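K.L.:
What follows is a structure written as structure tokens; I'll ask about it next.
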Amino acid sequence: MLTLTIFENNLTLLIGIRLLIETFAAGYFYLQCNDSAGEPIQELQQDYEMADMSFSSSKGDNGQFESQTPDRNECQECKIVQSYRTKHCSKCQKCIPKYDHHCFWIGGCVGELNHRMYWLFLFFQCSLCFDGLIQFQNQFVFYSIYDEEYGYDQYKYQYFIILIMAATSFAFGLFTGTLLIYHTILILTGKTTWEQTKRDKISYLIFYPKYYHPYNYGLIENIKQTFFHKDILSHWIPPQKDQIKEQCNIFDNKYYSCC
Ligand SMILES: [Zn+2]
Ligand SMILES: [Zn+2]
């Protein structure tokens with residue numbers, strides 16, 4: 001009965017088409033995310049070693065030589081010297097360049113090469129949920145007008161389905177929306193989830209003052225590095241300690257950090 005009544009109303013068909021398009025878009029970006037975080041490139045090691053040699057140390061106040069750049073870690077599992085911002089994922093069993101997090105939903109890691117796809121996935125997923133919510137609300141109003149017109153309650157079943165779908169859309173929309181906002185701020189400030197949540201444990205970050213993030217290059221450059229990297233891994237060579245400048249933006253400064 002529901003399938004018959006559902007097409008009595010063009011609005012339902014319109015909703016179906018819209019939601020189908022959005023589902024395909026979200027699905028496309030989901031598939032693009034999967035297992036495409038990036039592989040560590042061995043050739044990079046040479047560049048890092050050359051960079052290390054050129055400015056690895058200088059004399060400190062006490063006359064001792066002190067390192068000007070943080071040391072890089074070795075991965076015992078992969079037997080490589082990791083480039084900066086790389087972390088080994090025990091679930092994927094490999095090192096992930098510019099590691100963000102291991103995502104249960106995409107079944108793999110979010111790293112340098114798929115962070116933009118992950119963001120787009122969240123964006124379309126969130127749009128799908130909130131668009132769905134608006135459409136379900138329109139449906140609700142549509143049926144209630146019919147109810148009023150005919151004076152008897154004949155759409156109880158439809159109301160129930162609409163409410164369940166609207167509640168599901170809202171819950172997922174809230175979840176993906178929160179993640180979307182969080183990742184937008186991370187991208188704008190040049191950070192990853194790992195760097196944001198484990199800052200005190202990451203050797204190349206504790207090397208610098210607490211409110212200084214060595215890979216924050218400004219809003220425009222941060223956006224370019226996430227969304228326009230042409231599938232090429234970056235050389236994340238950190239600045240020398242004695243050349244760092246004070247950073248100040250609305251998300252991060254010496255007074256507060258918003259995420
Ligand atoms: Zn590894
Ligand atoms: Zn992983």
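The values are calculated or read from the model by the stated rules, or taken from the named source; none is laboratory data. On a predicted model such as this, the values are computed, not experimentally measured, just so you know. Backbone-built Cβ (ideal geometry, glycine too); neighbour counts: all protein chains shown.
K.L.:
Out of all the residues in segment 63-73, is one or more away from ligand 1 (no atom under 11 Å from the Cβ), small (Gly, Ala, Ser), in a strand (DSSP E or B) and crowded, with 16+ Cβ neighbours inside 10 Å?
P.N.:
no
K.L.:
Identify, please: which residue in segment 79-100 is part of a strand (DSSP E or B) and of a type in the set (A, V, I, L, M, F, W, C) and is, among those, nearest to ligand 1 (Cβ to nearest atom)?
P.N.:
In this case the residue turns out to be 95.
K.L.:
Identify, please: which residue in segment 79-112 is modelled with pLDDT of 90 or more and aliphatic (A, V, I, L, M) and is, among those, nearest to ligand 2 (Cβ to nearest atom)?
P.N.:
96
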